[in-house]
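The values are calculated or read from the model by the stated rules, or taken from the named source; none is laboratory data. Nothing here was measured: the structure is a model prediction, and the numbers come from that model. As a convention, Cβ positions derive from the backbone with ideal geometry for all residues, glycine included, and neighbour counts pool all protein chains shown. Note: areas computed on protein heavy atoms with side chains; ligands, DNA, RNA excluded. Shrake-Rupley method; radii C 1.70, N 1.55, O 1.52, S 1.80 Å.
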Amino acid sequence: MAALDPKYRRLRQELIGGVVALGIVFLIGTLWYRFVEQWTWLDAAYMTMSTLATVGFGEINPLGERGRLFTMVLIVMGLITIGYIVNRFTEALIQGYFQAGIRRRQEKRLIETLVEHYIVCGFGRTGRQVALEFQAEGIPFVLVDSDPEQIEKAKGLGYRVILGDATLDESLLAAKIDTAACIVAALTSDAENLYTVLSAKTLNPRIRAIARASTEEAVQKLQRAGADAVVSPYITGGRRLAAAALRPQVMDFVDGILTGTNSAFYMEEFLIDPKTCPCVGQTLSEARLRSQSGALVLAVRRADGTLIGGPTGDTVLMAGDLLICMGTPEQLRSLTQILLPIRSSSPLRLPKKQ
């Protein structure tokens with residue numbers, strides 16, 4: 001993971017500090033007996049060890065008044081240091097530090113095995129909704145946030161999380177940016193989203209980057225930075241409010257097929273790959289996609305960007321076409337069986353069985 005929880009980081013630092021302090025006390029005692037009392041190195045180390053351990057062995061060599069005073073001080077120093085270590089160790093056990101370390105290692109190994117996953121940067125209001133939609137559709141994703149409280153909330157929901165700054169390369173590398181399919185920059189600051197998109201595109205030029213923007217100027221800058229899509233909650237929210245006022249039934253229907261939390265119908269995209277798809281060169285009537293699967297082909301986007309809305313049975317399926325389809329989860333699975341294996345620009349996102 002990119003960083004430890006502050007509580008566990010403090011415990012680790014205190015434990016390490018206690019061990020270092022004990023080592024310094026041991027070194028002081030050994031040097032005293034070696035150079036002041038003129039003992040051998042072995043005798044000096046043995047005397048220091050038995051003194052700190054308070055096992056009650058006798059003196060190896062006779063000690064004068066000065067030596068006995070130092071030994072008394074050494075005993076007190078040892079008791080304080082060892083007591084501190086025991087206290088920190090006990091607190092670590094009670095707080096679950098060692099169990100948390102095991103969980104972190106397991107989570108790290110799990111994240112390292114992810115391929116074609118999604119990365120969500122920021123767990124604010126926008127990022128929380130994105131994660132909810134991804135979870136509803138069974139999309140593997142990793143959440144990155146620098147706020148420990150938000151990370152704890154995300155952990156409570158069962159999300160894979162990384163505590164770290166999404167604008168830094170180390171955090172994105174910890175989230176396996178090199179094997180990810182898409183990154184969603186949903187941080188509260190436009191500048192942070194800009195840095196995140198730049199870092200993501202530098203580390204993985206093939207990744208699809210979606211960014212949140214607060215202003216129209218930020219939209220343009222994020223697009224210039226390489227974002228594949230930029231969404232402004234304020235602009236989009238205003239448009240949806242107007243559409244809900246003017247066409248409420250249409251908006252209810254569109255919301256139902258675009259979100260994955262409570263949907264009866266879903267929309268999905270399929271890329272026609274000439275190497276794997278048996279329907280290349282056929283018309284929609286000849287491919288019989290509707291009759292075999294029940295899914296409806298809403299639109300076809302040609303490789304040159306031309307969009308054909310409401311294609312007819314005479315529309316020919318060509319290599320590189322992107323089919324935008326709608327149907328129930330079962331219908332989309334049936335359509336997948338017809339078009340498989342599919343290699344799309346983004347991983348196929350079939351909804352989970354109801």
| request: Could you tell me whether the stretch 286-309 includes any residue that is acidic (D, E) and either closer than 18 Å to S334 by Cβ or modelled with pLDDT of 95 or more (or both)? | output: yes
| said: Among (1) open to solvent by 50 Å² or more (accessible area, probe 1.4 Å); (2) more than 28 Å from V297 (Cβ to Cβ); (3) at pLDDT below 85; (4) not acidic (D, E), there is one condition T261 misses while meeting the rest; what is its number? | reply: (2)
| query | Can you name every residue in the stretch 105-119 that is open to solvent by 40 Å² or more (accessible area, probe 1.4 Å) and assigned to a helix (DSSP H, G or I)? | reply | R105, Q106, E107, K108, R109, L110, E112
| remark: Taking the stretch 37-92 and keeping residues surrounded by 12 or more Cβ atoms within 10 Å (Cβ to Cβ) and among the aromatic types (F, W, Y) leaves W39, Y46, F57, F70, Y84, F89
| Which condition number does T196 fail, the rest of (1) surrounded by 15 or more Cβ atoms within 10 Å (Cβ to Cβ); (2) hydroxyl-bearing (S, T, Y); (3) touching a residue at least 40 places away in the same chain (Cβ under 8 Å); (4) not in a helix (DSSP H, G or I) being met? | (4)
| request: Report yes if Q129 is without any contact (Cβ under 8 Å) to a residue 12 or more places away in the chain, more than 14 Å from I162 (Cα to Cα), among the polar types (S, T, N, Q) and assigned to a helix (DSSP H, G or I), otherwise no. | output: yes
| said: Looking only at the stretch 133-145, count every residue that is outside any loop (DSSP other than H, G, I, E, B) and more than 13 Å from V184 (Cα to Cα) and tell me the total. | reply: 2
| said: I'd like to check something: does the stretch 184-192 contain any residue that is touching a residue at least 40 places away in the same chain (Cβ under 8 Å), under 20 Å from L114 (Cβ atoms), part of a strand (DSSP E or B) and open to solvent by 10 Å² or more (accessible area, probe 1.4 Å)? | reply: yes
| task | Working only within the stretch 222-241, note down all residues that are closer than 18 Å to I207 by Cα, open to solvent by 60 Å² or more (accessible area, probe 1.4 Å) and either in contact with a strand residue (DSSP E or B) (Cβ under 9 Å, 6 or more places away or on another chain) or modelled with pLDDT under 90 (or both). | result | Q223, D228, V231
| Criterion: at negative phi, touching an Asp or Glu at 6+ places or on another chain (Cβ under 9 Å), part of a helix (DSSP H, G or I) and open to solvent by less than 40 Å² (accessible area, probe 1.4 Å) - qualifying residue of A166, A154 | A154
| note | For the stretch 30-52 the number of residues that are assigned to a helix (DSSP H, G or I) and out of contact with any helix residue (DSSP H, G or I) (no Cβ under 8 Å at 6 or more places or on another chain) is 4
| Restricted to the stretch 199-218, and to residues that are closer than 22 Å to E133 by Cβ and among the basic types (K, R), which residue is most open to solvent (accessible area, probe 1.4 Å)? | R208
